[in-house]
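Any read-out appearing in this document is the output of simple, stated calculations on the displayed coordinates, not a laboratory observation. The shown structure was predicted, so the numbers you read here are calculated from the model rather than taken from an experiment. All Cβ positions, even for glycine, are placed from backbone atoms using ideal geometry, and neighbour counts span all protein chains on display.
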Amino acid sequence: MLRGIGFVLIPLGLLSMGLMGKVVEGINAVDTWAHATFMSTGIMIGLVCGCIGLAAYLIGSFVPHVTGDEAASRRQAIKERKLAALQAGAGVAPAPSKPQAAAPGAKPVTPAVTKPLPTGPVTDDDKEVDDILRRHGIA
């Protein structure tokens, strides 16, 4: 309802300021340009980009903003998923983020056992990499 009132009041305000005639002239100028211009590929690309931009703006105006606690909880969930993916890729069991109460009568959850990395002959390159990792506190 409020938008409807706004759409009615905008032309009335432009008319009372004497700008409605200029708006109509602008619309007529765009119409004349559209009839007189050959639609080349560049103009078509520009038209498509403008329409997609307008559609994205309109759709974005209807999507509610995420702020405050909800945004913080979403960021934390993303961090936990990334950490779990990294730990799964490295063969390390992910650490639980929050302790959860077990349901009555449920079996206790045992942590996943990680397999040790395969060991083979250690080369000079391996020793050098291990030394670098230790110096940086990674290994």
Once label points are set 7 Å from the Cα along Cα→Cβ at both Asp124 and Ser61, what is their separation, rounded to one decimal in nm? 6.9 nm
Dipole of region 39-89 [Lys/Arg +1, Asp/Glu -1 at C-beta], most positive-end residue of Ala72, Gly42, Gly89: Gly89
Estimated vicinal HN-Hα couplings, Hz - region 40-55 in sequence order (Karplus 6.51, -1.76, 1.60; Gly, Pro = x): 7, 5, x, 5, 5, 5, x, 5, 5, 4, x, 5, 5, x, 5, 5
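Starting with the fewest neighbours, write out Met44, Met1 ranked by other beta-carbon atoms found within 10 Å of each beta-carbon.
Numbers: Met44 10, Met1 5.
Least to most surrounded, the residues fall as Met1, Met44.
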Using the Karplus equation 6.51 cos²θ - 1.76 cosθ + 1.60 (θ = phi - 60°), what ³J(HN,Hα) coupling, rounded to whole Hz, does each residue of region 124-133 give in order, writing x for Gly and Pro? 4, 5, 5, 5, 5, 5, 4, 5, 5, 5
